[in-house]
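Written below as structure tokens is the structure these notes are about.
The values are calculated or read from the model by the stated rules, or taken from the named source; none is laboratory data. Here the structure is a predicted model, which means the values were calculated and not measured. Quick reminder, even Gly has a Cβ in these numbers, built from the backbone with ideal geometry, and neighbours come from all protein chains shown. Just so you know, the surface numbers come from the protein's heavy atoms only, side chains and all, with ligands and any DNA or RNA stripped out. Shrake-Rupley method; radii C 1.70, N 1.55, O 1.52, S 1.80 Å.
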Amino acid sequence: MNPEFIRTICPYCGTGCGLVLKVENGRAAASYPDRENPVSKGSLCVKGWVAHEFVHHPERLTAPLLRRGDAFVEIPWEEAIGLAARKLRETAEKYGPDSVGGLSSAKCTNEENYLFQKLIRAAFRTNNVDHCARLCHVATTAGMLQTLGSGAMTNSISDLAGADCILFIGSNAAESHPVLMGAVYRALDRGAAVFVIDPRKTPVARNARRLLRLNPGTDIPLLAGMMRHIVDSGLHAKDFIEKRTENFEALRTFLAAWPLDKAASETGIGEATIREVAETYAKAENAAIVYCMGITQHACGVANVIAICDLAMLCGHVGKPFSGIYPLRGQNNVQGACDMGALPSLYPGYQAVSDPAVREKFQKAWKSELPDTPGKTVTELIDAAGKDIRALYIMAENPCISDPDVNHVMEALKRLDFLVVQDIFLTETAKFAHLVLPGACFAEKTGTYTNTERRFQLLHKAVDPPGGAKGDFEILCLMGKALGLPFDYASPAEVMSEYANLVPAYAGICFDRLERVGLQWPCPDENHPGTRFLHGTTFTRGLGRFVVPDYTPPMEKPDAEYPYYLNTGRVFAHYHTGTMTRRSPFLNREIEDPYVEIHPDDAASLGVGPGDWIRVTSRRGSIVTTARISDRVVQGSIFAPFHFTEARANMLTNPALDPVCKTPEYKVCAVKLEKDHEAKAR
Ligand code: SF4
């Protein structure tokens, strides 16, 4: 049989590259770049080129699994759905609606996320639904909503190519979003000034005019120092501030406390460098700020985002092409999962559950009574497991790798009366489940993802799920019907037309319009072409609002017992909890084992050489891993990728939360290091 070539979207990062799957004999045999995709334009990074490799992995789940003691036994679908629905319903009846919760998934489609949050809300009358955006970019949503009125990337990826100055703050895009860097390289070819602000010398810094290795967690002092210098020098956009914004005087008062010398001493960056970056950004005709989890994963993550928005408004670098603010979404559909309301305080389209008119609209549409109080977040659901929370439904999330302080997570999951996990592999989290439902991967489903630039893009089903596994859309429809909901959807397109009717910004989006180039929201009617950049003539909230960013230093600093800073993040060959990439032979050959980066001087003082085993211990846990000696980290700091189950960096991380968005402070905690002579023998 001749091979078929099916256009779809990469399942990994939020760039949303188009790929073409080659299908031979019912199997995904190869991945190729899609030349017509408007985001990637014929490029893929190494992960995209081998995206097919995990699809037919022998460890894929092929039948529902029921726990019997320490083992699982296969059961038929009818029994599995009936059991899951009965257990969840009985829990809600016995302990109250808020005793049940659900984790939706940034790896699943928009339509699946919409159905999941609707199921939790409508079937159990609770808003206890969240997903892993809580662990990465909810700070962006919270910070941008306050300042700009929309929590999304203001511009399009391609706009970066036209920027004259680009600030990267806490973003290792060269490894985490490699194809997006193509637009940055085009800007560099035009002579753009690129500055990288990061304690670690990431590959993005290779082409930067300057790398600012600030002290961990001092982004606000740096941004405040820059803004103070811009205002003192009269470089702020006075006309823009006057006509387009409010509350500037409050920011000016805040900046009075941040003279350059104070910013320099707090951040460890010289005054001349702060001046240079501030002036280059302010004077550029078009300037962009790209940031990622180095900004959001702090106990002051929302304030960090606010400070970035303040800086962009201060210089008038928002609301026009080639400028703006670029929060890079980590997972393929984390933007879409947020957009679809997989959040405890917001319905689809960021409509507040506490707004009576909004709630009324959703009650009418869903023919269901809905609660008006926000539900629990990811971290709150875990903390309450076995106490207020008695049953959890987790779809394609793996908190036993991704959440901070995973020892605490595993203990919490054990306390649940009932845990049902829907996933494609028996993940570290699924191993704690009472019931496991085998779902489908990107190559086996039709639907949409929304990438980091707000672009809805179509996935086309290329192959069938393995054995008795089912698509998540089908599983959710079965679950909804078993719980008495009218989940008789004929297709994901029908789900889209339901949510497009409930969210004005998606009203013009339908499957028929998404072939080839997709559509960027807002797209308010069927003739609207989609929106390349936001806040053009007016901010989404009307006037842009300067908000004073509350600076909180890192919650845990090195001391005599734990003398090193730990920073965590991604590496180019792996993705998130490693569920898929670590089952890709090619990617595993690239990076097979866990490691930490340690500065040469620290390694020498500990007597550690390249490849030696070391034990890393924080106040929460301990891992044994290998050492990579590298000046990518500064003396006194180490870096650990978080993808590896055999040395989980999140055993160590601090669950201290941002008080507004409840995102944990993954990026900074204190650890000690010991050479481990016995590790190999063990
Ligand atoms: Fe996939 Fe992201 Fe790589 Fe593009 S840049 S191929 S979306 S992992």
Please return the ranges of helices (runs of 4 or more DSSP H) entirely within segment 69-163 where 3 or more residues are at pLDDT below 95. 138-147
Residue ID - farthest from the ligand (Cβ to nearest atom), chosen from residues in segment 47-63 that are open to solvent by 50 Å² or more (accessible area, probe 1.4 Å) and not polar (S, T, N, Q): 58
Conditions: (1) in contact (Cβ under 8 Å) with a residue 60 or more places away in the chain; (2) surrounded by 18 or more Cβ atoms within 10 Å (Cβ to Cβ); (3) part of a helix (DSSP H, G or I). Residue 500 meets all but one. Number of the miss? (1)
Yes or no: residue 587 in contact (Cβ under 8 Å) with a residue 60 or more places away in the chain and part of a helix (DSSP H, G or I)? yes
Which condition number in (1) aliphatic (A, V, I, L, M); (2) without any contact (Cβ under 8 Å) to a residue 40 or more places away in the chain; (3) within 16 Å of the ligand (Cβ to nearest atom) is the one that residue 106 fails? (2)
Selected residue (only one of 66, 44, 19 is part of a strand (DSSP E or B), near the ligand (Cβ under 9 Å from one of its atoms) and in contact (Cβ under 8 Å) with a residue 12 or more places away in the chain): 19
Going by the conditions given, is residue 281 aromatic (Phe, Trp, Tyr) and within 16 Å of the ligand (Cβ to nearest atom)? no
Being without any contact (Cβ under 8 Å) to a residue 60 or more places away in the chain and either open to solvent by 10 Å² or more (accessible area, probe 1.4 Å) or aromatic (Phe, Trp, Tyr) (or both) is the filter here, so list the residues in segment 215-226 that pass it. 215
Just checking, does segment 609-622 include any residue being under 30 Å from residue 50 (Cα atoms), in contact (Cβ under 8 Å) with a residue 24 or more places away in the chain and outside any loop (DSSP other than H, G, I, E, B)? no
For residue 476, only one of the following conditions fails: (1) of a type outside the set (Gly, Ala, Ser); (2) out of contact with any helix residue (DSSP H, G or I) (no Cβ under 6 Å at 6 or more places or on another chain); (3) under 23 Å from residue 349 (Cβ atoms). What is its number? (2)
Boolean, residue 37 is out of contact with any Phe, Trp or Tyr (no Cβ under 6 Å at 6 or more places or on another chain), of a type in the set (S, T, N, Q), within 16 Å of the ligand (Cβ to nearest atom) and open to solvent by less than 50 Å² (accessible area, probe 1.4 Å): yes
Tell me, which residue of segment 446-465 that is charged (D, E, K, R) and open to solvent by 10 Å² or more (accessible area, probe 1.4 Å) is nearest to the ligand (Cβ to nearest atom)? 455
Inside segment 168-213, can you point out the residues that are small (Gly, Ala, Ser), in a loop (DSSP other than H, G, I, E, B) and within 16 Å of the ligand (Cβ to nearest atom)? 171
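Might you check whether a residue that is among the small types (Gly, Ala, Ser), crowded, with 16+ Cβ neighbours inside 10 Å, at pLDDT below 95 and farther than 21 Å from residue 406 by Cα occurs anywhere in segment 574-582?
Within segment 574-582, none of the residues are among the small types (Gly, Ala, Ser), crowded, with 16+ Cβ neighbours inside 10 Å, at pLDDT below 95 and farther than 21 Å from residue 406 by Cα.
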In the list 12, 32, which residue meets the criterion of being within 26 Å of the chain's Cα centre (by Cα), within 23 Å of residue 444 (Cβ to Cβ) and at pLDDT below 95? 12
Kindly indicate whether residue 340 is open to solvent by 10 Å² or more (accessible area, probe 1.4 Å) and either over 20 Å from residue 245 (Cβ atoms) or among the aromatic types (Phe, Trp, Tyr) (or both). no
How about segment 92-130: which of its residues are open to solvent by 10 Å² or more (accessible area, probe 1.4 Å), more than 29 Å from residue 493 (Cβ to Cβ) and aliphatic (A, V, I, L, M)? 92
Residue list for segment 518-528, filter: closer than 22 Å to residue 446 by Cα and either basic (Lys, Arg) or surrounded by fewer than 16 Cβ atoms within 10 Å (Cβ to Cβ) (or both): 526
